[in-house]
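Taken together, the values in this text are just the output of simple stated rules run on the coordinates, not laboratory data. Remember, predicted model here, so these are calculated numbers, not experimental data. Here the Cβ positions follow ideal geometry from the backbone for every residue, glycine too, while neighbour counts run over all protein chains shown.
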2 protein chains.
Amino acid sequence: MTTEPGLRERKKRRTRAALTDAALELFSAKGYDATRVEEIAAAVEISPRTFFRYFDGKEDVALGQLSAMDEDAITALATRPADEAPLTALRAAHNAMLDRLFAEEGGTERFSATHQLIARSPTLLAASLRRAAAAEDRLALIIAERQGVDAGADMRCHLLVRLVFTSARLGVEIACRRGDTCDDAQLRATVDKALRLATATLPTDWSAWL
Amino acid sequence: MTTEPGLRERKKRRTRAALTDAALELFSAKGYDATRVEEIAAAVEISPRTFFRYFDGKEDVALGQLSAMDEDAITALATRPADEAPLTALRAAHNAMLDRLFAEEGGTERFSATHQLIARSPTLLAASLRRAAAAEDRLALIIAERQGVDAGADMRCHLLVRLVFTSARLGVEIACRRGDTCDDAQLRATVDKALRLATATLPTDWSAWL
DNA sequence: CAAAATTCTGTCATCGACTGACAAAAAACA
DNA sequence: TGTTTTTTGTCAGTCGATGACAGAATTTTG
């Protein structure tokens, strides 16, 4: 089933990884906006044109990890028991996402570095918020399906997702502020606190929330 | 005190207004991304270079009204009584912002049109979210000052602002969806509902919210 | 009113992200 | 080895955005 990944495939993986590494290094050193695609490509000795065959653009290489985490959250939510309260399921999905982040080698460091880049570049902030919004829309659709309602008509689906992920994101921003040590435990604690403040008093009972 | 605005000033105002009108028209007709700055400039018979002397860029001409509303909200919050509960003050500020929108000639129509553009263009969505984030940061600073806390250390300031404006924005998105009639009353009602769902159970007492 | 100072505008050149087209190089396959 | 498929580099071009400079319009001043 899993055929040995040929030379071509291995090479592609290596190039892609080298590009992300070089890009994040350059972004951290000179800033996101001041780094030209040309430089990233040169650092890995490929042509600028080829860079755009590996990534959709500068944003994509900077925010790749966040996109992967969005997928994690969506997958996690989709595999939650259907009888679980939506808020519970969402918090569990977010926790699962963090679990996978912490499990990844150097995951937290890259995550923290990415958020420091975002904090320093309005361009990147815009891009990350757009991606977050897209992911949140997909999560809302899953919630709607779980609850058997129409996502277009029932604002609770979207609202709940946004409350959870907006507050969690604030926790992340605070924990990843430059200067702070950002270990796994502290990150999780800060996110948890923000989540609790925002959602603790929300009714657990979906049908009572109107 | 208020000197008569000379010919130069009147001309500038007219050009600026003509540019926003032409731009919104073109954006609605062909889509934001498909509209080139060159076309907007041509519609008003100025050079593309001059366009950039009136606006910071394409985003700026599309989202000008939203930026003005952000300023309204900030001004409104700043003039709220200091002994008012933060959540109450924020909701009042948001209401005042809507009041000014509704008072403006054709305000609601332009507002609705802008949000339909945003819904159709990821580029514009990114830009609008970045602007919103910037405004929310400023609002959080005002809340911190009112409450006599450090905005950097006390996450409640940022969290409260985000909860209010995130839920309000969801209400706006829903009310401005294409096809719906978007009159003032319905817009306000939808925003109110989202706001209530998100914040009704939050403690009114700031010091109890920990 | 005319001259001088200020401000606005258009032209030109340039940057940087991104994309389509095409041919050369590399890897996979027969 | 020769053929097919995929990847890569080069080239040209689009579009948004910006600095520099000169000419035009407006305001201010004498």
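Could you look through region A:191-210, keep only residues that are buried (at least 16 other Cβ atoms within 10 Å of the Cβ) and more than 8 Å from every other protein chain (Cβ to nearest Cβ), and pick out the one that is nearest to B:ALA198 (Cα to Cα)?
The extreme case among them is A:THR199.
Within the group A:LYS58, A:LYS11, which residue is near DNA strand C (Cβ under 9 Å from one of its atoms) and touching a helix residue (DSSP H, G or I) at 6+ places or on another chain (Cβ under 8 Å)? Steps first, answer last, please.
Numbers: A:LYS11 fails: touching a helix residue (DSSP H, G or I) at 6+ places or on another chain (Cβ under 8 Å).
Only one candidate passes the filter, namely A:LYS58.
Looking only at residues that are aliphatic (A, V, I, L, M) and over 14 Å from A:LEU124 (Cβ atoms) in region A:19-32, which one is farthest from DNA strand D (Cβ to nearest atom)?
In this case the residue turns out to be A:ALA29.
Conditions tested, residue by residue: (1) near DNA strand C (Cβ under 9 Å from one of its atoms); (2) among the aliphatic types (A, V, I, L, M); (3) in contact (Cβ under 8 Å) with a residue 40 or more places away in the chain; (4) over 24 Å from A:ALA132 (Cβ atoms).
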{"residue": "A:PRO5", "(1), (2), (3), (4)": "yes, no, no, yes"}
{"residue": "A:ALA22", "(1), (2), (3), (4)": "no, yes, no, yes"}
{"residue": "A:ALA41", "(1), (2), (3), (4)": "no, yes, no, yes"}
{"residue": "A:PRO48", "(1), (2), (3), (4)": "yes, no, no, yes"}
{"residue": "A:LEU63", "(1), (2), (3), (4)": "no, yes, yes, no"}
{"residue": "A:ALA89", "(1), (2), (3), (4)": "no, yes, yes, no"}
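State yes or no: is A:GLU84 within 16 Å of DNA strand C (Cβ to nearest atom) and away from chain B (no Cβ under 14 Å)?
The answer is no for A:GLU84.
Within region B:24-39, track down each residue that is more than 15 Å from DNA strand C (Cβ to nearest atom) and among the acidic types (Asp, Glu).
First, the residues of region B:24-39 that are more than 15 Å from DNA strand C (Cβ to nearest atom): B:24-32, B:35.
Answer for region B:24-39, where residues must be more than 15 Å from DNA strand C (Cβ to nearest atom) and among the acidic types (Asp, Glu): just B:GLU25.
Condition (residue is within 15 Å of DNA strand D (Cβ to nearest atom) and in a helix (DSSP H, G or I)) applied to region B:67-89: is it met by at least one residue?
yes
Quick one: would you say B:LEU202 is in contact with a helix residue (DSSP H, G or I) (Cβ under 7 Å, 6 or more places away or on another chain) and in a helix (DSSP H, G or I)?
Values: in contact with a helix residue (DSSP H, G or I) (Cβ under 7 Å, 6 or more places away or on another chain): yes; in a helix (DSSP H, G or I): no.
No.
Just give me the residues in region A:117-127 being out of contact with any Ser or Thr (no Cβ under 6 Å at 6 or more places or on another chain) and more than 9 Å from every other protein chain (Cβ to nearest Cβ), in sequence order.
Scanning region A:117-127 gives A:LEU117, A:ALA119, A:ARG120, A:SER121, A:LEU124.
What number of residues in region B:136-185 are over 16 Å from the mean Cα position of the chain (by Cα), away from chain A (no Cβ under 11 Å), in contact (Cβ under 8 Å) with a residue 40 or more places away in the chain and more than 18 Å from B:GLU84 (Cα to Cα)?
3
Does region B:33-54 hold any residues that are buried (at least 16 other Cβ atoms within 10 Å of the Cβ) and near DNA strand D (Cβ under 9 Å from one of its atoms), and which are they?
Once the filter is applied, which keeps residues that are buried (at least 16 other Cβ atoms within 10 Å of the Cβ) and near DNA strand D (Cβ under 9 Å from one of its atoms), region B:33-54 yields B:THR35, B:VAL37, B:ILE40, B:PHE51.
Consider B:GLY57 carefully, then state whether it is within 12 Å of DNA strand D (Cβ to nearest atom), small (Gly, Ala, Ser) and within 14 Å of chain A (Cβ to nearest Cβ).
yes
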